[in-house]
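The values are calculated or read from the model by the stated rules, or taken from the named source; none is laboratory data. Predicted model only: the values in this text are computed from it and were never measured. Every residue, glycine among them, receives a Cβ derived from its backbone with ideal geometry; neighbour counts consider all protein chains shown.
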Number of protein chains: 2
Amino acid sequence: MTATFTQADILTFAQWMTGDYSNWDQAIANPPLFAHIRVCIRPLPNQLSDHGIWLYSEQAYDFQIDRPYRIAVLHLVLAADRIEIENHKLNDEESFYGAARQPERLAAITAASVVKLPGCNILVDRTPTGSFVGKIEPGKKCNVHRKNQDTYLVHEFELNQTNLTTLDRGYDPETDERVWGTIAGPFEFVKQASFADEVKAI
Amino acid sequence: MTATFTQADILTFAQWMTGDYSNWDQAIANPPLFAHIRVCIRPLPNQLSDHGIWLYSEQAYDFQIDRPYRIAVLHLVLAADRIEIENHKLNDEESFYGAARQPERLAAITAASVVKLPGCNILVDRTPTGSFVGKIEPGKKCNVHRKNQDTYLVHEFELNQTNLTTLDRGYDPETDERVWGTIAGPFEFVKQASFADEVKAI
């Protein structure tokens, strides 16, 4: 895959990625191995820079949809021959819980609200069928503290207009052994609502 | 562990085992790796034989608590030097969905309603701390069809008065490779309600 990407591709990518997702079908089909997870990704109403596209992402158990366990601010940027997603931590996360579904609250996020996470860029390419695929940059530098130890995150995803599959695993930086994750396979999210129009508007 | 068990032990075991369980704390502490699972175990109001104790068990996602993905009728019996749980399939399962929390409906279960599952007995022993531990009988004969293939079930549990931990995994009968299950570890259930009184009454 040696695609050359343009600003139009970033726009398409952002339009496809934004949405309210659920893995309900997967959970029902594979009890009890998959929690029912919700992912909601929206553009920031106030973009934090004049290049690329800024998105806000929440991931939560459906039963605690207003207490997401993972929040990220994503900056989609055009790199030499691909799209990159720069991952950012959001300061004062708790004050934004639930804002993915109340996007007017996202207007409070400014450039001072976020901190770029080193080593956690996602490198995005495109498959022959048109879907976007991404994986975390090499280097084992995206640190996640879990089970009382430091691990490095391995993240992969595939995205088309309706489906998002994600796989997250943590590995021991010394031994490269897997510390957390699932052998049941990636989460398979299906888009329940699209926010592509909000991307067009920015 | 070479305990010798008596009828009194079976009664204690049944009183501890019956209950309405949730792994909420575990799910909250380990997102997104554990679904929120509910287990509800009750004595059958009409015991199906004159020895041992018969229980009914439902396991369900909390978000589909009235559509359990696993139903079992369990017969606790005294074996030579231990307790055994004989696992039974329930005919016409769907007509009992939700009956774990509407126990009057369980009165419809008769000896003709159940079929013993060969190779699926659970052998129960007791630890020095008093908790009961069980594992499926040797032989790799407890067949579970999952992911379009036959697997043999490996089941383990530990039970005390308030907590039940369970581990279920399926292995390929030819290669002994794990086909399904979780590396995140066993489910850790905490009893929310006890039905010990219902056991005493039978």
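Here residue B:127 meets the list (1) surrounded by 15 or more Cβ atoms within 10 Å (Cβ to Cβ); (2) of a type in the set (S, T, N, Q); (3) away from chain A (no Cβ under 14 Å) almost entirely, failing just condition (1). Within the range A:190-200, one or more residues are closer than 27 Å to residue B:187 by Cα and in a strand (DSSP E or B).
Here the range B:99-118 is the region considered, the condition is being in contact (Cβ under 8 Å) with a residue 24 or more places away in the chain and surrounded by 16 or more Cβ atoms within 10 Å (Cβ to Cβ), and the residue that is farthest from residue B:140 (Cα to Cα) is B:103. Just one residue in the set B:104, B:84 is closer than 25 Å to residue B:135 by Cβ, charged (D, E, K, R) and out of contact with any His (no Cβ under 6 Å at 6 or more places or on another chain); that residue is B:84. Would you mind stating whether residue B:59 is within 14 Å of chain A (Cβ to nearest Cβ), surrounded by 15 or more Cβ atoms within 10 Å (Cβ to Cβ) and of a type in the set (S, T, N, Q)? So residue B:59 fits the description; yes. Just one of (1) under 20 Å from residue A:161 (Cα atoms); (2) modelled with pLDDT under 95 fails for residue A:79. It is (1).
Just so you know, in the range B:90-148 the residues that are under 18 Å from residue B:42 (Cβ atoms) and basic (Lys, Arg) include one that is farthest from the chain's Cα centre (by Cα), and it is B:105. Identify the residue in the range A:35-45 that is outside any strand (DSSP E or B) and away from chain B (no Cβ under 14 Å) and, among all such residues, is farthest from residue A:69 (Cα to Cα). Here the residue is A:45. If you go through the range A:1-34 and pick out every residue that is more than 23 Å from residue A:193 (Cβ to Cβ), more than 14 Å from every other protein chain (Cβ to nearest Cβ) and either touching a helix residue (DSSP H, G or I) at 6+ places or on another chain (Cβ under 6 Å) or in a loop (DSSP other than H, G, I, E, B) (or both), you end up with 6. Within the range B:143-183, being within 12 Å of chain A (Cβ to nearest Cβ), buried (at least 18 other Cβ atoms within 10 Å of the Cβ) and farther than 19 Å from residue B:132 by Cβ holds for B:169, B:170, B:179, B:180, B:181, B:182. Looking for something within 13 Å of chain B (Cβ to nearest Cβ), of a type outside the set (S, T, N, Q) and in contact with a Phe, Trp or Tyr (Cβ under 8 Å, 6 or more places away or on another chain) - is there at least one such residue anywhere in the range A:190-198? Within the range A:190-198 (the criterion being within 13 Å of chain B (Cβ to nearest Cβ), of a type outside the set (S, T, N, Q) and in contact with a Phe, Trp or Tyr (Cβ under 8 Å, 6 or more places away or on another chain)), the answer is no, since none of the residues qualifies.
Kindly evaluate residue B:50 against the criterion of being out of contact with any Phe, Trp or Tyr (no Cβ under 8 Å at 6 or more places or on another chain), within 28 Å of residue B:11 (Cβ to Cβ) and not in a strand (DSSP E or B). Judged against the criteria, residue B:50 is a match. Filtered by the rule that a residue be in a loop (DSSP other than H, G, I, E, B) and over 29 Å from residue B:6 (Cβ atoms), the range B:105-140 gives a lone residue, B:140.
Every listed requirement among (1) at pLDDT 95 or above; (2) surrounded by fewer than 19 Cβ atoms within 10 Å (Cβ to Cβ); (3) under 28 Å from residue B:45 (Cα atoms) is met by residue B:200 save one, (1). Residues that are in contact with a strand residue (DSSP E or B) (Cβ under 9 Å, 6 or more places away or on another chain), β-branched (Val, Ile, Thr) and over 14 Å from residue A:21 (Cα atoms) within the range A:157-202 comprise A:179, A:182, A:183, A:199, A:202, listed in sequence order. Test residue B:177 against the criterion of being within 26 Å of residue A:180 (Cβ to Cβ) and either modelled with pLDDT of 95 or more or in contact with a His (Cβ under 7 Å, 6 or more places away or on another chain) (or both), and give yes or no. It is false that residue B:177 is within 26 Å of residue A:180 (Cβ to Cβ) and either modelled with pLDDT of 95 or more or in contact with a His (Cβ under 7 Å, 6 or more places away or on another chain) (or both). Scanning the range A:1-45 for residues that are under 15 Å from residue A:185 (Cα atoms), surrounded by fewer than 16 Cβ atoms within 10 Å (Cβ to Cβ) and of a type in the set (Gly, Ala, Ser) returns a single hit, A:29.
Residues are listed down the side, and each one gets a yes or a no for (1) more than 14 Å from chain A (Cβ to nearest Cβ); (2) closer than 28 Å to residue B:185 by Cβ; (3) hydrophobic (A, V, I, L, M, F, W, C):
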residue	(1), (2), (3)
B:47	yes, no, no
B:68	no, yes, no
B:75	yes, no, no
B:87	yes, yes, no
B:91	yes, no, no
B:96	yes, no, yes
B:112	yes, no, yes
